[in-house]
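Trainee: Before anything else, here's the structure in question.
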Amino acid sequence: MESRWPIGVFASIDAGLGVRLEVARELGVHTIHLHTPHAGSRTPARAAEFNRRLHELEIRITCVFAGFEGESYADIPTVARTVGLMPRDTRSARTAELKEIANFARLLGVDIVGMHLGFVPHEPGNADYQELLAITRAVCDHCRGNKQALHLETGQEPVDVLIRFLDEVDRDNLFVNFDPANMILYGAGEPIAALAKLGSRVRSVHCKDATWSDRPGETWGREVPLGEGDVGFEAFLRTLDEIGYAGPLTIEREIPQEPERQKAEIGRAIELLERLKAAYA
Ligand code: MG
């Protein structure tokens, strides 16, 4: 059996967020979360080609992360307007595309699909909230047909809102991708307490760090190198241990415009996590 907490990195092939596969390999990382390739690359032939390349690089994809044309993380209002399934004018097209991404993930042999749903409204009576519930059920049922789970990324809502949403969707293949930095960046609450509360619902994680905004929820906090922010990775690993999480620790550092710095910082993040992991060996 694979040892617990293998180090991973958020990566991409031809599009989107994360480091290139070669960088993951150079860093000695063997598991990745893959940001979904462009629509034009999501074909059986390209999947076979990607699988050959991954095999050569000795890299395993543990989660395919959905992403959509037109999403922007520029600031909090822009995220609310553009990200995930919340924007009404792209909702049905993106829902169809999400199912197609899940099918592509199946071609890659991946049984977890991750995504940002977007800013889910907090009021259960809200029409968007009800529609999001129905869509998430439909996507979960589609993923079930592929023997996959759907993991919702945390951060854009407080933990109690997320738990209520998960409970109301009521599907046993719906879980959480826990990103502690997002809780801080979006001002959605203390991440370690949220992690403990989510417990066994957490089935994948992003190791990312951030500092709080002076106006949480209104303006972004700041994403910083792992260990330099307000998450507290010693407490993060201790809590993962307490909730029984043994899966990959997937490092996410989104500064793709500075690839050399990104690689160096991920290298240091790996060292930090390996050192913290050693206490649990
Ligand atoms: Mg993340």
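Trainee: Output the residue which, of all residues in segment 168-180 that are over 16 Å from LEU226 (Cβ atoms) and either among the aromatic types (Phe, Trp, Tyr) or within 11 Å of the ligand (Cβ to nearest atom) (or both), is surrounded by the most Cβ atoms within 10 Å (Cβ to Cβ).
Mentor: ASN177
Trainee: Also: Any residue in segment 21-35 that is farther than 17 Å from LYS208 by Cβ sitting within a Cβ distance under 6 Å of a residue that is in a strand (DSSP E or B)? List the pairs, counting only those 6 or more apart or interchain.
Mentor: LEU21/ALA11
Trainee: Please list, ordered by first then second residue, the pairs with beta carbon atoms under 7 Å, 6 or more apart or interchain, first in segment 179-199 and more than 13 Å from LEU240 (Cβ to Cβ) and in a loop (DSSP other than H, G, I, E, B), second of a type in the set (Ser, Thr, Tyr) and more than 14 Å from the ligand (Cβ to nearest atom).
Mentor: Partner pairs satisfying both residue conditions: GLY187/SER213.
Trainee: Checking the conditions here, which among GLY155, GLY118, GLY114 is within 17 Å of HIS33 (Cα to Cα) and touching a residue at least 24 places away in the same chain (Cβ under 8 Å)?
Mentor: Only one candidate passes the filter, namely GLY114.
Trainee: State whether the residues of segment 13-34 include one that is of a type outside the set (A, V, I, L, M), modelled with pLDDT of 95 or more and touching a Phe, Trp or Tyr at 6+ places or on another chain (Cβ under 7 Å).
Mentor: The answer is yes, given that some residue of segment 13-34 is of a type outside the set (A, V, I, L, M), modelled with pLDDT of 95 or more and touching a Phe, Trp or Tyr at 6+ places or on another chain (Cβ under 7 Å).
Trainee: Here are some residues: GLU69, GLU58. Which one is within 21 Å of LEU117 (Cβ to Cβ), away from the ligand (no atom under 16 Å from the Cβ) and of a type in the set (D, E, K, R)?
Mentor: GLU69
Trainee: Among ALA269, ALA264, which is in a helix (DSSP H, G or I), under 22 Å from THR31 (Cβ atoms) and within 16 Å of the ligand (Cβ to nearest atom)?
Mentor: Just one listed residue meets the conditions, ALA269.
Trainee: Regarding PHE119, is this residue at pLDDT 95 or above and among the aromatic types (Phe, Trp, Tyr)?
Mentor: When the stated conditions are applied, PHE119 does not pass them.
Trainee: Pick from segment 181-238 the residues that are away from the ligand (no atom under 15 Å from the Cβ) and among the hydroxyl-bearing types (Ser, Thr, Tyr): which of them is nearest to ALA74 (Cα to Cα)?
Mentor: So, considering only residues that are away from the ligand (no atom under 15 Å from the Cβ) and among the hydroxyl-bearing types (Ser, Thr, Tyr), the one nearest to ALA74 (Cα to Cα) is THR219.
Trainee: Just the residues that are surrounded by fewer than 16 Cβ atoms within 10 Å (Cβ to Cβ) and of a type outside the set (Ser, Thr, Tyr), please, taken from segment 269-281.
Mentor: GLU271, GLU274, ARG275, ALA278, ALA279, ALA281
Trainee: Take THR250 and tell me if it is in contact with a Gly (Cβ under 8 Å, 6 or more places away or on another chain), at pLDDT 95 or above and either among the charged types (D, E, K, R) or not in a loop (DSSP other than H, G, I, E, B) (or both).
Mentor: For THR250, the condition - in contact with a Gly (Cβ under 8 Å, 6 or more places away or on another chain), at pLDDT 95 or above and either among the charged types (D, E, K, R) or not in a loop (DSSP other than H, G, I, E, B) (or both) - is met.
The values are calculated or read from the model by the stated rules, or taken from the named source; none is laboratory data. What you see is a predicted model, and the numbers here were worked out from it, not measured in a lab. Because the Cβ atoms are built from the backbone with ideal geometry, glycine has one as well, and the counts that use them run over all protein chains shown.
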